[in-house]
Amino acid sequence: MYSELHAIIVCCGGGMGGLAFVAFSVLIVHSLLSQVAFEKDGVYLHTSAKRHPDQDSLIPGVIRIIEKGSDTLLQWTPIEESSDPAQIVYTKKEPVGCQTEEELFDPGYEPDWAVISTVGTRSRVQEETDGSVPKSPIPRGQWAFTLSLSDLKSIRKSKPGLGWSYLIFITKDGISIQALHFHRGGTKALLKALCKYVILATSPKDSRLYLVYTHDSYALSHSFDELQLFDDSSSNLVSRFLQDPYAATFGGFSKVTNFFRGALHHEDGVGQHSQGDAAAANVEDETGFEVITCQAQLGERPSVQREAPVTEQEWEQHLDPDGRVKDLTGLRRKIFAGGLSMALRKEAWKYLLSYYAWDNTSEENKAQVRRKTDEYFRMKLQWKSVSEEQEQRNSLLRGYRSLIERDVSRTDRNNKFYEGSENPGLVLLNDVLMTYCMYNFDLGYVQGMSDLLSPILYITQNEVDAFWCFCGFMELVHRNFEESQESMKRQLSQLTLLLRVLDPPLCDFLDSKESGTLCFCFRWILIWFKREFAFSEILQLWEVLWTGLPCPNFHLLVACGILDAERQALMNSGFGFSEILKHINELTMKMSVEDILCRAEAIYRQLATTPDLPRNVQELLGLSEGKSPTPSTDTASSPQPLSPSQAQEMELTDSVSPSLPDSSIEILPTEDASTSQSLTP
């Protein structure tokens, strides 16, 4: 380095004055002593909080990690300014575009991919005055910042989902730097790179907040690295020990056993233990001690054939003279194996969705209908009787009404029951959803619910029956629509677990294409494949799933069946991240529900006969003795620190998705908004 510096100074120094020569020499020394350790472009700063910001409010830039002597810097510069040596360096003063952590929970808006309704209270005065005073634009260069990692207190990541991921950097003084949006992905790569310089540990109070610690224990960590007693990189050893000393200690000592076993059986080959450990680590999350087991050896997958639908005559045979259902177990099995005939669905769905009790007589069912009819219209009257003047003072009700009207206008409009602008089916769809907001104040209406109600209303063709059947369906899936999205994250994690056991090569392929989080399955699980199959086929799929057979999480095996059917198309095509999303999205209405159900049931039978199936998979499928499966319970896992080896698994998604119109659920990233595909029929 010093010989290069001397040569540059000798070559350039002759043509300069004294002061200019000194300044130039200092600049050269500065550039040679600074090294860019990480660089990522396509990192945008959104200066507008609007859901659809214009181009002027999107500032493209480059984020870098720079090693400068003994210090390490995090730097973001606008792309037009990146060549300008004059940068705005972070100071202890409050910079432009920053705010305190107490004021900031999110950047002030929901990403366009958000499935959760953002309806909230807001004063009319604020609505009327917004945008009345124009603001002068801030020069792009003033948004740049350079921050020392020693001044970094925490990093907040975006909610897991299907849109642009963003990061917010918070300093030790409580200053929050403006959120940076990664339009081309790369948040997990950046955080993984940061793990080389600092320790990132998940906050016990907020799963989206990473606390930043320095490597004060580098020497100790380095010693453990040499012995390979902990992770491939044990830089997070101290934070792991502080959070869970037993797991960190005994988890490491368990590898001592492997170390000596490998030394005593050296003739078996060097390095073979790593494959078994990796397979076990992929099967179970590292929330406790290391699982030293081999990959489950799956048996042959059986062949499955679907049966004929249950007819009205068969249904009558399962009723006693008073109308009670007898041999419920046998009837459920028949429905699972073949579904229901069209004429029978109007009656049978009321049982499957808990509107009718299986052991009720016909007279008890009639009394139930009378009670529920009165209850429904009392709730409907609550929102129907609100005057326009009252509604002007109720932003929550206005928000629900607006969101429902927008979604109803584009739900299954190619179906004759809903086609046309003056169709009474649309009115019923709207009224049932509005009344559900009165029934479930906490959840209200969330985009996607109209997809779940539409087939139910089509079958029942009765407002009251449709409402109570819809309520029964929501009891099964309401956690999918909660704002925390914990249930969705858990189900995607469970799907990954199943796929890892069923098809490790496919999992490895998806991991290599940055698709291992299975974010493209989000819509499948959210609305139970409603937009993946034809309308007539979704009726059959749902009634099969409502039986609860053969396990409560059979919908995850349906997702595995789809991936199994598309395995060759995915792995043999050379697809990248965007192409995988595009291929999955284009499967809509092209799959056979009969074929997928056969595959899903065959997968279940194959796993059920596997003797060494991992314990957590057994529990997930209800195969574990003495333990019932927990498909939708909210379980909290203990916070785990983030090491470079774990960083690639810390996000549910790091996907790319541009702004979408309204609030449609879209998983396909497009280069041009004009070519984006609409998900509604």
Checklist outcome for this item: Expected single match for in contact with a helix residue (DSSP H, G or I) (Cβ under 7 Å, 6 or more places away or on another chain) and part of a helix (DSSP H, G or I) among Leu510, Leu499, Leu476 is Leu499
Checklist outcome for this item: Scanning segment 384-408 for residues that are of a type outside the set (S, T, N, Q) and touching a Ser or Thr at 6+ places or on another chain (Cβ under 7 Å), the one nearest to Leu429 (Cα to Cα) turns out to be Val408
Item to check | Verdict on Gln568 being part of a helix (DSSP H, G or I), in the same structural domain as Leu495 (by TED's automatic domain parsing) and free of Cβ contacts under 8 Å to residues at least 60 places away in the same chain | outcome: yes
Checklist entry - Taking Phe509, is it at pLDDT below 95, assigned by TED's automatic domain parsing to the domain that holds Leu539 and under 21 Å from Ile538 (Cβ atoms)? => result no
Checklist entry - Name the residues in segment 429-441 that are part of a loop (DSSP other than H, G, I, E, B) and either among the polar types (S, T, N, Q) or at pLDDT below 90 (or both), would you? => result Asn440
Checklist outcome for this item: Of the residues in segment 572-585, those that are in contact (Cβ under 8 Å) with a residue 60 or more places away in the chain and not aliphatic (A, V, I, L, M) come to Phe575, Gly576, Phe577, Ser578, Lys582, Asn585
Checklist outcome for this item: Those residues of segment 518-539 that are buried (at least 20 other Cβ atoms within 10 Å of the Cβ) and assigned to a helix (DSSP H, G or I) come to a total of 10
Checklist entry - If we keep just the residues of segment 525-577 that are among the hydroxyl-bearing types (Ser, Thr, Tyr) and more than 22 Å from Asp503 (Cβ to Cβ), which is farthest from the chain's Cα centre (by Cα)? => result Ser536
Next on the checklist: Just to be sure I understand, how many residues within segment 398-428 are outside any loop (DSSP other than H, G, I, E, B), surrounded by 12 or more Cβ atoms within 10 Å (Cβ to Cβ) and over 28 Å from the mean Cα position of the chain (by Cα)?
Outcome noted: 5
Checklist outcome for this item: All conditions in (1) touching a residue at least 24 places away in the same chain (Cβ under 8 Å); (2) loosely packed, with under 15 Cβ neighbours inside 10 Å are true of Glu391 except (1)
Checklist entry - With respect to Arg301, is the statement that it is surrounded by 12 or more Cβ atoms within 10 Å (Cβ to Cβ), basic (Lys, Arg) and in a loop (DSSP other than H, G, I, E, B) true? => result yes
Checklist entry - Does segment 565-580 contain at least one residue that is surrounded by 16 or more Cβ atoms within 10 Å (Cβ to Cβ) and basic (Lys, Arg)? => result no
Item to check | Residue, nearest to Gly444 (Cα to Cα), within segment 349-397, restricted to residues that are part of a loop (DSSP other than H, G, I, E, B) and hydrophobic (A, V, I, L, M, F, W, C) | outcome: Val386
Item to check | Given (1) in a helix (DSSP H, G or I); (2) within 25 Å of Phe509 (Cβ to Cβ), index of the condition Gly574 fails | outcome: (1)
Next on the checklist: For segment 366-415, which positions are within 30 Å of Ser536 (Cβ to Cβ) and among the polar types (S, T, N, Q)?
Outcome noted: Gln368, Thr373, Ser409, Thr411, Asn414, Asn415
Next on the checklist: For Pro550, only one of the following conditions fails: (1) farther than 27 Å from Thr411 by Cα; (2) not in a loop (DSSP other than H, G, I, E, B). What is its number?
Outcome noted: (2)
Checklist outcome for this item: A careful count of residues in segment 478-493 that are surrounded by fewer than 18 Cβ atoms within 10 Å (Cβ to Cβ) and under 30 Å from Pro302 (Cβ atoms) gives 1
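The values are calculated or read from the model by the stated rules, or taken from the named source; none is laboratory data. Treat the numbers as computed from the prediction; the structure is a model and nothing was measured. With ideal geometry, Cβ positions are generated from the backbone for all residues, glycine too; neighbour counts draw on all protein chains shown.
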